1. Determine whether Ile39 is more than 21 Å from the chain's Cα centre (by Cα) and among the β-branched types (Val, Ile, Thr).
2. Pairs, please: C-beta under 7 Å, at least 6 apart or cross-chain, first residue over 17 Å from Ser182 (Cβ atoms) and in segment 134-162, second not in a helix (DSSP H, G or I)?
3. Assuming Gln75 fulfils every condition listed in (1) open to solvent by less than 30 Å² (accessible area, probe 1.4 Å); (2) closer than 18 Å to Asp17 by Cβ apart from one, which condition is it?
4. Identify, please: which residue in segment 85-100 is among the aliphatic types (A, V, I, L, M) and surrounded by 11 or more Cβ atoms within 10 Å (Cβ to Cβ) and is, among those, modelled with the highest pLDDT?
5. Pick from segment 126-138 the residues that are in a loop (DSSP other than H, G, I, E, B) and in contact with a Ser or Thr (Cβ under 6 Å, 6 or more places away or on another chain): which of them is surrounded by the most Cβ atoms within 10 Å (Cβ to Cβ)?
6. Return the residue satisfying two criteria in turn: it lies in segment 164-196 and is out of contact with any helix residue (DSSP H, G or I) (no Cβ under 8 Å at 6 or more places or on another chain) and surrounded by fewer than 12 Cβ atoms within 10 Å (Cβ to Cβ), and of such residues it is modelled with the lowest pLDDT.
7. Can you tell me how many residues in segment 139-152 are surrounded by 12 or more Cβ atoms within 10 Å (Cβ to Cβ) and either at pLDDT 90 or above or aliphatic (A, V, I, L, M) (or both)?
8. Checking Ser82 against (1) at pLDDT 90 or above; (2) surrounded by fewer than 16 Cβ atoms within 10 Å (Cβ to Cβ); (3) of a type outside the set (D, E, K, R), only one condition comes out false. Which one?
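The values are calculated or read from the model by the stated rules, or taken from the named source; none is laboratory data. Note that the structure is predicted; figures quoted are calculated from it, not measured. Neighbour counts run over all protein chains shown; Cβ positions are idealised from the backbone, glycine included. Each accessible area value is taken on the protein alone, full model and side chains, heavy atoms only, with ligands, DNA and RNA left out. Shrake-Rupley method; radii C 1.70, N 1.55, O 1.52, S 1.80 Å.
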Amino acid sequence: MLNPLIDEIFELILTKDTWMVHTLALKLQQQGAIDSLDIQPDRDLFKRNFLIMNALYQLQQQLHPSQHLAIASLQITLTDTSPNQSLQHADPLRDYYLDWQNYETSSDEIEALLCDFWQRFAGNRSSLQTLDSKAYNKLLQRWKLSKQCSLKEIQKRWRQLAMQYHPDKETGDTEKFKKLKSEYEQLKASCSTVDY
């Protein structure tokens, strides 16, 4: 089934270099292209995101091979395709969102998906490699924090930097934001393990 949001999303993608799913959703809602889809808030959000992701993946296939639409929740970009670039054959996320049967996911299934996501997220965080004392202190210096700073001070500094470099901000920088987020996770993981 052809997604009715494809044209609206394509026109939006042409207006700026980088989009995120939530910014696309907000813009589509402001334009009246997408309304409430379910009376249950969790299902409404799921269906809205499903329609957007489905449209993005359909658009990706339509644009290929002349252009490449890179799709990630934090970065959606349209670029010219190099001659040797092709769509990945196996992409479970693309397969999921192109299957219209998944649109009618139940509240219980949505809850299970969210629980699975948060468990994987927690697992990824716990597998972060802690920094040794020298690397930790060097990173603290770059973040303009004292060697004896607390986790609360690291969190406060992260929020300041995130506000400055978040891709939605005028001073935003997607790559810098991603790097800072990674450093923040390392600082948090290392905060209690480093000996001064």
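1. Considered against the rule, which asks whether it is more than 21 Å from the chain's Cα centre (by Cα) and among the β-branched types (Val, Ile, Thr), Ile39 comes out as yes.
2. Asn137/Lys147; Lys147/Tyr196; Gln148/Tyr196; Glu153/Leu145
3. (1)
4. Checked segment 85-100; the qualifying residue modelled with the highest pLDDT is Leu98.
5. Leu131
6. Across segment 164-196, the extreme among qualifying residues is Thr193.
7. Adding up the residues that qualify gives 4.
8. So the condition that Ser82 fails would be (1).
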